[in-house]
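Trainee: Pasting a structure below so you can have a look.
The values are calculated or read from the model by the stated rules, or taken from the named source; none is laboratory data. Being a predicted model, the structure only gives us computed values, none of them experimental. Note: ideal-geometry Cβ built from the backbone for every residue, glycine included; neighbour counts use all protein chains shown. Only protein heavy atoms, including side chains, enter the accessible area calculation; ligands, DNA and RNA are left aside. Shrake-Rupley method; radii C 1.70, N 1.55, O 1.52, S 1.80 Å.
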Amino acid sequence: MRRRSIFGTSLAVVVTMGLSACGGGGDGGASKTVRVTLANHVWTENIKQALPEFEKQTGLKAEITQLGEDQLSDQYNVKLNAGSADIDVMMYRPLQEGKLFARNKYLADLSEQVKSNTNWDFGDFQTGPVEATTHEGKPVGVPIITEQEVLYYRKDLLAKAGLSAPPKTLDELKSAAAKVKAAEPGVAGFVARTGKSPAVTQFSSFLYSFGGDFVDGSGKAAVNSDAAKQAYAYYGGLIKDSGPANVSTDMGWPEAMAIFTQGKAAFYTEANSLYKNATDPAKSKVSDQVGFAPFPAGPSGSKPYNIPSWALGVNSSSENQSNAWKFIEWATGKEQTLAQQKSGVPGARSSVWANPEGTSTFPKDLVEAIAASTKAGVGHDRPLVVKVPEAREIVGQPIVDAITGKDAAAAADAANAAFQKFLDDEAK
């Protein structure tokens, strides 16, 4: 089988365990030392603190190596391509490198493992994140951290504009944003990511809510469907007409968030995981006026993304898969997920979100917005391809064109032709 290089992609986490095997390699002579390599993340810090519990429960010892993403990228590129067996559990980003890993058969099929413990309860995981960690009908990962797109808004600006509640539909959002901008000189009615690639993920919820997607049911490019053209025109037009004056077309979340937290915008659609940037008085001038609402409904309803930003999988070349699964089972169990979520890391378990303890550290209206997102959430926020960065550049071009006043429909047609060629080339 030809392996594809993953050099240049930004990776997640590797968990290496020298343990017994199931499905790959033999069980004899299993090491009792679990070698775990993780990326820098608050989830990692929490797991490190809880490791004595894992070791007590399993009789295994865990050794943690924590690396930056560039170092992890280098390690994955070398070891996975070589079929190395000294990586057992991989913490990875399903939507960025998941398809590449699955296509190259780096990830073991976990179908039997997820069924083996009814108390662990795989059915407790939300549908969207599970879809993103499934390849060709088989689970190849377990989601550990999730994100949903929600509407951030300024309570004071809504009140001054005579709006009694945040908008429930995209039509209402457009109207409310225009009303605020007209009434408040120097304040944008709406702000969001504008950069060609960064905007794709947040634009995706608009695309789905208009009834579109990046590809159709047959896997063909669909960014010039009627729904997609409407979504591009809406997103770009909203920023062009109600966005910040002289808005640039290279903003990612830090720039868009800064405009919102400096009190220069009324509405902002963004990942819920970034909410503390808006509610922390040390970071936000309007922290006491920030509210959250579900993503507004479009012609096809409210369909924001509900994705796993990180997941754990087992290296298919590992000779220690049985105990590798023991680590995943523990780290993704209800108890650990609850502990992580109480510390502010949103998990993928429905039972934890239904548990008052699991939502006690989040703003009440944010919890309600997230709950709405998980019901109809879509499990991807970008094209599901191997070369994700290249795809984002292609499908993001019409966003920039629409913001700058160009013909969104024509831009979508051009992007669709380029994206279909990309898909055809990638399938070769």
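Trainee: All but one of (1) touching a helix residue (DSSP H, G or I) at 6+ places or on another chain (Cβ under 8 Å); (2) among the aliphatic types (A, V, I, L, M); (3) part of a loop (DSSP other than H, G, I, E, B) hold for Met257; which doesn't?
Mentor: Going through (1) touching a helix residue (DSSP H, G or I) at 6+ places or on another chain (Cβ under 8 Å); (2) among the aliphatic types (A, V, I, L, M); (3) part of a loop (DSSP other than H, G, I, E, B) one by one, Met257 breaks only (3).
Trainee: Quick one: which residue in Gly313, Gly344 is more than 28 Å from Lys138 (Cα to Cα), within 20 Å of the chain's Cα centre (by Cα) and modelled with pLDDT under 95?
Mentor: Gly344
Trainee: Is there a residue being of a type in the set (Lys, Arg) and either open to solvent by 60 Å² or more (accessible area, probe 1.4 Å) or not in a helix (DSSP H, G or I) (or both) anywhere in the stretch 391-403?
Mentor: no
Trainee: If I filter the stretch 246-256 for residues that are touching a residue at least 24 places away in the same chain (Cβ under 8 Å), of a type in the set (Phe, Trp, Tyr) and more than 16 Å from Lys196 (Cα to Cα), do I get at least one hit?
Mentor: No; the residues of the stretch 246-256 include none that is touching a residue at least 24 places away in the same chain (Cβ under 8 Å), of a type in the set (Phe, Trp, Tyr) and more than 16 Å from Lys196 (Cα to Cα).
Trainee: May I ask you to list the residues in the stretch 169-183 that are surrounded by 15 or more Cβ atoms within 10 Å (Cβ to Cβ) and either part of a loop (DSSP other than H, G, I, E, B) or among the hydrophobic types (A, V, I, L, M, F, W, C) (or both)?
Mentor: Matches in the stretch 169-183: Leu170, Leu173, Ala176, Ala177, Ala178, Val180.
Trainee: So the check is Cβ under 9 Å with 6+ separation or different chains; which pairs have a first residue in the stretch 182-205 that's without any contact (Cβ under 8 Å) to a residue 40 or more places away in the chain and a second one that's hydrophobic (A, V, I, L, M, F, W, C)?
Mentor: Ala182/Ala161; Ala183/Leu157; Ala183/Ala161
Trainee: Now for a different question. When the residues of the stretch 156-168 are narrowed to those that are out of contact with any Pro (no Cβ under 9 Å at 6 or more places or on another chain) and under 16 Å from Gly263 (Cα atoms), which ends up surrounded by the most Cβ atoms within 10 Å (Cβ to Cβ)?
Mentor: Once the filter is applied, the top-ranked residue is Leu157.
Trainee: All but one of (1) part of a loop (DSSP other than H, G, I, E, B); (2) surrounded by fewer than 22 Cβ atoms within 10 Å (Cβ to Cβ) hold for Pro383, so report the exception by its number.
Mentor: Exception for Pro383: condition (2).
Trainee: If I ask for residues that are at pLDDT 95 or above and open to solvent by 10 Å² or more (accessible area, probe 1.4 Å), which ones from the stretch 96-112 would you list?
Mentor: Those that are at pLDDT 95 or above and open to solvent by 10 Å² or more (accessible area, probe 1.4 Å): Asp109, Ser111, Glu112.
Trainee: Limited to the stretch 302-329, what total is found for residues that are open to solvent by 10 Å² or more (accessible area, probe 1.4 Å) and under 24 Å from Leu274 (Cβ atoms)?
Mentor: The qualifying residues number 4.
Trainee: If we keep just the residues of the stretch 116-144 that are open to solvent by 10 Å² or more (accessible area, probe 1.4 Å) and β-branched (Val, Ile, Thr), which is nearest to Lys276 (Cα to Cα)?
Mentor: That would be Ile144.
Trainee: Can you go through Lys303, Lys276 and tell me which one is out of contact with any strand residue (DSSP E or B) (no Cβ under 9 Å at 6 or more places or on another chain) and of a type outside the set (A, V, I, L, M, F, W, C)?
Mentor: Lys276
Trainee: Any idea which residue in the stretch 344-380 is nearest to Val290 (Cα to Cα), counting only those that are aliphatic (A, V, I, L, M), open to solvent by less than 20 Å² (accessible area, probe 1.4 Å) and outside any loop (DSSP other than H, G, I, E, B)?
Mentor: Filtering the stretch 344-380 for residues that are aliphatic (A, V, I, L, M), open to solvent by less than 20 Å² (accessible area, probe 1.4 Å) and outside any loop (DSSP other than H, G, I, E, B), the one nearest to Val290 (Cα to Cα) comes out as Leu366.
Trainee: Considering the stretch 240-269 alone, what residues qualify as being within 19 Å of Asp288 (Cβ to Cβ) and out of contact with any Gly (no Cβ under 6 Å at 6 or more places or on another chain)?
Mentor: Met257, Ala258, Ile259, Phe260, Thr261, Gln262, Gly263, Lys264, Ala265, Phe267, Tyr268
Trainee: Looking at the stretch 404-415, which of its residues are touching a residue at least 12 places away in the same chain (Cβ under 8 Å), open to solvent by 20 Å² or more (accessible area, probe 1.4 Å) and assigned to a helix (DSSP H, G or I)?
Mentor: Ala409, Asp413, Ala414
Trainee: For Lys229, state whether it is basic (Lys, Arg), open to solvent by 10 Å² or more (accessible area, probe 1.4 Å), in contact (Cβ under 8 Å) with a residue 60 or more places away in the chain and not in a loop (DSSP other than H, G, I, E, B).
Mentor: yes
Trainee: With more than 23 Å from Leu207 (Cα to Cα) and open to solvent by 10 Å² or more (accessible area, probe 1.4 Å) as the only criterion, which of Thr337, Thr332 stands out?
Mentor: The conditions single out Thr337.
Trainee: Out of everything in the stretch 257-285 that is within 20 Å of Ile370 (Cβ to Cβ) and among the small types (Gly, Ala, Ser), what residue ends up being surrounded by the most Cβ atoms within 10 Å (Cβ to Cβ)?
Mentor: Per the stated criteria, the residue is Ala278.
Listed here are the residues, each with its yes/no results for (1) over 20 Å from the mean Cα position of the chain (by Cα); (2) within 15 Å of Gly189 (Cα to Cα).
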residue	(1), (2)
Glu255	no, no
Thr261	yes, yes
Ala266	yes, yes
Thr269	no, yes
Ser273	no, no
Phe292	no, no
Phe295	no, no
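Trainee: Tell me, yes or no, whether the stretch 222-245 has at least one residue that is closer than 17 Å to Ala417 by Cα and in contact with a strand residue (DSSP E or B) (Cβ under 6 Å, 6 or more places away or on another chain).
Mentor: Yes, the stretch 222-245 contains at least one residue that is closer than 17 Å to Ala417 by Cα and in contact with a strand residue (DSSP E or B) (Cβ under 6 Å, 6 or more places away or on another chain).
Trainee: Something else: Looking only at the stretch 281-326, which residues are part of a strand (DSSP E or B) and not aliphatic (A, V, I, L, M)?
Mentor: Gly291, Phe292, Gly298, Gly301, Tyr305, Asn306, Pro308, Ser309, Trp310, Gly313, Asn315
Trainee: Could I ask something else about it? Are any of the residues in the stretch 223-231 under 29 Å from Ala161 (Cβ atoms) and out of contact with any Lys or Arg (no Cβ under 7 Å at 6 or more places or on another chain)?
Mentor: Yes, that holds for at least one residue.
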